[in-house]
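Data first, discussion second: the structure below is written as structure tokens.
The values are calculated or read from the model by the stated rules, or taken from the named source; none is laboratory data. Treat the numbers as computed from the prediction; the structure is a model and nothing was measured. In this analysis, Cβ positions are derived from the backbone assuming ideal geometry, glycine residues included, and neighbour counts consider all displayed protein chains. These area figures cover heavy atoms from the full protein model, side chains too; ligands, DNA and RNA do not enter into them. Shrake-Rupley method; radii C 1.70, N 1.55, O 1.52, S 1.80 Å.
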Amino acid sequence: ILNGVGEPLLHPEIETFITRARKLLPKESWIGFQSNGLLIDDQRARDLLEAGLDKICVSVDAVTPEKLKKLREGAEISNLDRALNALAKAKFSVGRPEFQVGVEIVVMRSNLTELPATLQWAARRGATFALVTHVLPYDADHANEAVYLSCSGEAIDLLNLWREKASAEGVDIDQYPNIVWNYSKNPAEQRVIEYVE
């Protein structure tokens with residue numbers, strides 16, 4: 001799976017990575033990644049399949065144009081339509097009928113009711129599988145989008161206990177998300193990390 005955080009198609013050598021992986025991996029293995037679909041046109045789809053890509057999962061969180069734009073900045077349903085159609089055409093022009101196209105839908109309160117229509121829309125465009133995941137809140141607005149609560153009462157009590165202990169020593173553990181990925185941390189930031197751990 002050739003992605004982590006970010007868009008794999010932004011890397012100028014992604015097709016080279018796919019070709020190399022195809023040569024080195026066992027025949028029964030598969031190569032794939034997730035994409036927002038913005039950089040997939042007819043030529044790019046053919047290039048990916050010719051390089052040896054076996055699966056792709058395109059992010060489609062809604063099919064109502066207004067809702068999609070609200071959920072994903074810069075997303076247009078016409079771009080997703082173009083990407084899925086290009087992949088479907090490439091399967092046949094490259095002679096790779098086993099190539100799998102899927103969609104990933106991040107379910108939130110604001111798009112939950114669109115899930116059936118989104119799945120039907122994707123299936124009509126050649127998607128044969130879907131990954132339906134839940135939003136992982138990273139701020140208060142996104143926490144309100146969660147379809148279900150992921151914290152038990154015990155977990156919230158434990159958080160509040162350590163929040164109070166840290167606060168008594170002048171440490172604000174709510175700053176954790178802002179500093180956790182910093183490469184180097186000053187002593188105050190390190191104390192926040194220690195309290196959360």
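Numbers below:
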| read-out | value |
| --- | --- |
| Lysine-lysine proximity count for segment 9-102, Cα under 25 Å, sequence distance 8 or more or distinct chains | 8 |
| The chain: C-alpha gyration tensor shape, a/c 1.5 cut-off, then a/b vs b/c | prolate |
| In Å², nearest 10: area of ASP141 left accessible to a 1.4 Å probe | 110 Å² |
| Karplus (6.51, -1.76, 1.60) ³J(HN,Hα), θ = phi - 60°, over segment 84-90, in Hz, Gly and Pro reported as x | 5, 5, 5, 5, 5, 5, 5 |
| Cut-off 15 Å between beta-carbons: net charge of the residues surrounding VAL103, Lys and Arg +1, Asp and Glu -1 | +1 |
| Per residue value of the accessible surface for the chain (all protein chains in place, 1.4 Å probe), Å² | 62 Å² |
| Segment 81-169, dipole about Cα centre (Lys/Arg Cβ +1, Asp/Glu Cβ -1), debye to the nearest 20 | 800 debye |
| Area accessible to solvent at LYS55, 1.4 Å probe radius, in Å² | 50 Å² |
| For GLU104, residues with placed amide H under 5 Å, excluding near neighbours | VAL58, SER59, VAL60, LEU131 |
| Net length gained if the chain between ASP41 and LEU25 were fully extended (0.36 nm per residue, minus Cα distance) | 3.0 nm |
| Sulfur and carbon atoms: percent of accessible area, the chain [1.4 Å] | 56 percent |
| Rough spin-label spacing in nm, given labels placed 7 Å along Cα→Cβ, for ALA155 and GLU194 | 2.6 nm |
